[in-house]
């Protein structure tokens, strides 16, 4: 085998490396040349356009002499640029003027995708100001006015110069600009440009350097004649919100406003961006109340109303542990309304988060959904108050299964309930036999909780499962367990609210109706379980309150309605 010459081998390797590096360099150089070529093209167009124009010196107004204003840039009253122009100058009497900003107004001669107007507030620092301006709609003609604050009037500006500028670059690039209110609040959006394209949702986020956690900002979304506002919390100097682009395809104007220091619950404009929504979909807004902020709720889903559902709808969100009653907020109430029908569900909050579903139980159609937080109180009570924080609509395509689906306190889909229901109804063929077996089981195995009744120690999580575990309860607990077992046995059942006349005064009471052979059959497992004597429960099962004589039953029970 012939040996390789080591010197020749090294030379070949070196040549390969040189060629490789040369190839890479050529590639990079090629890309750089293309970019330079593009830039040179527009710079060349600027020169050609300026040759066509009569480049006259810019003229300042008489107020510029009064305030001692001089302009370093621009120098001409009409000229061409490649996308950007700089306004730079000085104010001799800067200590006397009534504002810290020069107000610059830019107007395009023609309406474009990024609007027709843009405003800048250039800070005046030691009498000097400088502002770079992007000509937002790309190629075209723009009119620019430079206004300086008054020497003797608050919030008043005088025009000191105006000029016409021709942009030869077709790229659309709108700046994010901030008003004096926005700059004083140190608002800074996490956004490079003030004109963006999105689809249905815009993720707004930013900082508010001088605002505290006690402050809020407001956002206002506008398209044509439609508008929607929402208030956002400040958390550790930051804010964020997924903004639904509610009004379909086209430009949505999103304005961010900050608190007015002199007027309570009043906001001033801080900045404005334009969002081009590519989606045709129109959406309904969610109506948020002041409770949303007060109780530190963040609703992550849904982001807007009008969504379609197959009958099971999910909500997801968080509770701020530092908000009022944040650690005490253990659950969320969900009220659903469709026409005259109304249901109440409870969603647990765990580790300051909630993520659960509820049924739209009244069939297809439009539902109004209200989300609420509970009133936090120390004393026991048989009444629960709650405060709405968000309201929206949902469209359901589901069947009406109001008396078969699981519901608040009725976990008919729980494995323990289904297993017990199967044992109780095993071998039974008719719904009446199943209903009677379930009634007998509950009335025979659950004790009446006299202490709970007397101390009003009712809780939001009272339920069929809790009753089964504790083997005791009051009337609603008997009803919850009975209904859960019936529904698990595919027997329609519902909770009846009313009054019972067992003593001198009528008392609030609850019992059950089950659908058997097409008719509603009444049963009261609480009264069938026994009675109270000397403040103690005496167990004494009776079948008297399973399908009782209606006339006799109505002597001691007054029905007021159905509870869902």
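Structure notes:
- Summed over segment 368-399, the residues that are farther than 30 Å from residue 456 by Cβ and more than 19 Å from the chain's Cα centre (by Cα) give a count of 4.
- Flag for residue 163 being at negative phi, surrounded by 15 or more Cβ atoms within 10 Å (Cβ to Cβ), assigned to a strand (DSSP E or B) and assigned by TED's automatic domain parsing to the domain that holds residue 76: yes
- Scan of segment 431-471 for residues that are crowded, with 17+ Cβ neighbours inside 10 Å, under 28 Å from residue 385 (Cα atoms) and more than 36 Å from the chain's Cα centre (by Cα), ordered by number: 448, 449, 452, 453, 467, 468
- When segment 138-157 is filtered for residues that are surrounded by fewer than 19 Cβ atoms within 10 Å (Cβ to Cβ) and in contact with a helix residue (DSSP H, G or I) (Cβ under 9 Å, 6 or more places away or on another chain), the ones remaining, listed by number, are 150, 151.
- Here residue 103 fulfils each of the conditions (1) free of Cβ contacts under 8 Å to residues at least 12 places away in the same chain; (2) surrounded by 14 or more Cβ atoms within 10 Å (Cβ to Cβ) apart from (1).
- Criterion applied to 342, 368 was being free of Cβ contacts under 8 Å to residues at least 40 places away in the same chain and not assigned by TED's automatic domain parsing to the domain that holds residue 242, and the one residue passing it is 368.
- Given (1) closer than 22 Å to residue 84 by Cα; (2) not assigned by TED's automatic domain parsing to the domain that holds residue 271, number of the condition residue 153 does not satisfy: (1)
- Residue match in segment 236-249 (condition: surrounded by fewer than 16 Cβ atoms within 10 Å (Cβ to Cβ), assigned to a strand (DSSP E or B) and free of Cβ contacts under 8 Å to residues at least 12 places away in the same chain): no
- Number of the exception - residue 323 against (1) in contact with a helix residue (DSSP H, G or I) (Cβ under 8 Å, 6 or more places away or on another chain); (2) buried (at least 16 other Cβ atoms within 10 Å of the Cβ); (3) closer than 24 Å to residue 191 by Cα: (3)
- Across segment 321-373, the number of residues qualifying as assigned to a loop (DSSP other than H, G, I, E, B) and within 16 Å of residue 387 (Cβ to Cβ) comes to 8.
- Listed by position, the strands (runs of 3 or more DSSP E) enclosed by segment 458-535 that each have at least 1 residues that are under 30 Å from residue 349 (Cα atoms) are 493-500, 507-516.
- Leading residue by the ranking (surrounded by the most Cβ atoms within 10 Å (Cβ to Cβ)) among those in segment 261-273 that are free of Cβ contacts under 8 Å to residues at least 60 places away in the same chain and touching a strand residue (DSSP E or B) at 6+ places or on another chain (Cβ under 8 Å): 267
The values are calculated or read from the model by the stated rules, or taken from the named source; none is laboratory data. Keep in mind the model is a prediction, meaning the values are calculated, not measured. Positions of Cβ are backbone-derived with ideal geometry, glycine not excepted, and every protein chain shown enters the neighbour counts.
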